[in-house]
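> Next up is a structure, given as structure tokens.
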Amino acid sequence: MKSVRHIDVRSHSCRKYIDALACGERVVFAKRTHGIWDHLTLLVTGRFEAEDYRRCDQMIFKGPAAGRPKTHQARADYLRYLGEILNDIVTARASSVSFALDYLTRRLRQPRIEMPVHTDPRLQRYWDADYCYSELFDRYELWQHTWTYAQMPVLGVVTQEILRLPQVAAQYHVVVFGPAKLRDLGARWGLSPGRFTFAPAPSWPDQRPRGSIFTDPVLPALRTYARRHEALEELSYAGDGSRRLFLFEAGTISQWLVARLAERFPHDSFLDLGRALELWFPDQPWPLKSPVDAHFRRAARRFYGDARYASLRAARQLETMT
């Protein structure tokens, strides 16, 4: 039986980050949720390369791939990408972390938590592999790092503290990297068009993944990593020369981009909000599960008001019917 060890994880409120932005202080926050920790553990234990790269191929090709030169190149690039993220974590000595799939728990409200470093049994079944996060933590001596809880943006939705962000963001040039619908975020936040830049991220599914690693009908081939250098250059030149606030909803590539942009631009701020940005789009399909979607609905209703929220929801229902 594997022993279970613990790390101390501080749960900072969303208000802390927004207050800092309001005061002109720099903020850098990247979400490192359960997915990246599974990938990194599979990487360092050799399980992505095992069995003729079948787990690696599932992520980047959606199934087994023939051993052609382009296949080998894609595999190598994906594993190199994970290695770059791992190096970011090891050298930073501080990071955010979340391991549990059921993240809407009382742990979101505790100022400090002890989190067991073990793998969710559902993920072991999903990957068809027996692995433990402690394998990664032991190898790179991560136990003593400074950890914050990665689901801060979700807590901000639950407490509705995140609804203050649009007002605070108005003092920055806001740069958004995420799904195509976020192109409209500046208008929904009431930002000046000249102070808002949108850069589209690689497409992501509308629904959350379900099923096994080989029968999953939703989880797409993970190709976001292939555009990381192109996206880095595009975002580097975004804006009008004033201080920028970068917002991200793009999966694991967000944390890769945050690490490099934050190093390049020491005066800009970066928030990887992930799916928290979905609350401003109740007229679009939400890739959210119950019970967290109820909190998103309540937050959206408060932001838009009952009438506007109802019209947005009606527009979504009409589009679904047609």
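> Show me 252-258, 116-122 ranked by packing, highest mean number of other Cβ atoms within 10 Å first. Mind showing how you got there, number by number?
Numbers: 252-258: 23.4, 116-122: 15.0.
Packing order, densest peptide first, comes out as 252-258, 116-122.
> Could you give the length gained by full extension between residue 317 and residue 87, i.e. 0.36 nm per residue of separation minus their alpha carbon distance, to one decimal place?
Extending this stretch completely gives an extra 78.3 nm.
> I would also like to ask the following. Tally Lys/Arg at +1 and Asp/Glu at -1 over every other residue whose Cβ is under 13 Å from the Cβ of residue 244; what's the total?
Overall, the nearby charge balance is +2.
> Given the chain, what count of lysine pairs have C-alpha atoms under 27 Å apart, with each pair 8 or more places apart or on different chains?
Here the count comes out as 9.
> Can you compute the FRET efficiency between residue 290 and residue 19 using 1/(1 + (r/R0)^6), with r the Cβ-Cβ distance and R0 = 41 Å? Round to the nearest 0.05. List each step's numbers first, then the result.
Details: r = 31 Å, r/R0 = 0.76.
About 0.85, to the nearest 0.05.
> How much length would be gained if the chain were fully extended between residue 50 and residue 146, taking 0.36 nm per residue of separation minus their Cα-Cα distance, in nm to one decimal?
Value of the extension gain: 31.4 nm.
> Also, I was wondering about something else. Bin by bin, in steps of 10 Å, what percent of the Cα pairs in the chain do you find, going until the bin that has the longest distance?
5, 25, 35, 25, 9, 1
> Return the FRET efficiency for the residue pair residue 263, residue 310: r is the Cβ-Cβ distance, R0 is 45 Å, and the value is rounded to the nearest 0.05.
Efficiency, from the Cβ-Cβ distance: 0.50.
> Please arrange 47, 313 by counting, for each residue, the other beta carbons lying within 10 Å of its beta carbon, fewest first.
Sorted ascending by nearby Cβ count, the order is 313, 47.
> Which one, 237, 117, 157, is farthest towards the positive end of the dipole of segment 6-278 when Lys and Arg carry +1 and Asp and Glu -1 on their Cβ?
157
> Provide the three semi-axes, in whole Å and in decreasing order, of the ellipsoid equivalent to segment 260-322 as defined by the square roots of 5 times the Cα gyration tensor eigenvalues.
Three semi-axes, in Å: 30, 13, 12.
Just so you know, all these numbers are worked out from the coordinates, no wet-lab data involved. Small disclaimer: the values here were computed from a predicted structure and weren't measured. Methodologically, a virtual Cβ is constructed for each residue, glycine included, from the backbone with ideal geometry; neighbour enumeration extends over all protein chains shown.
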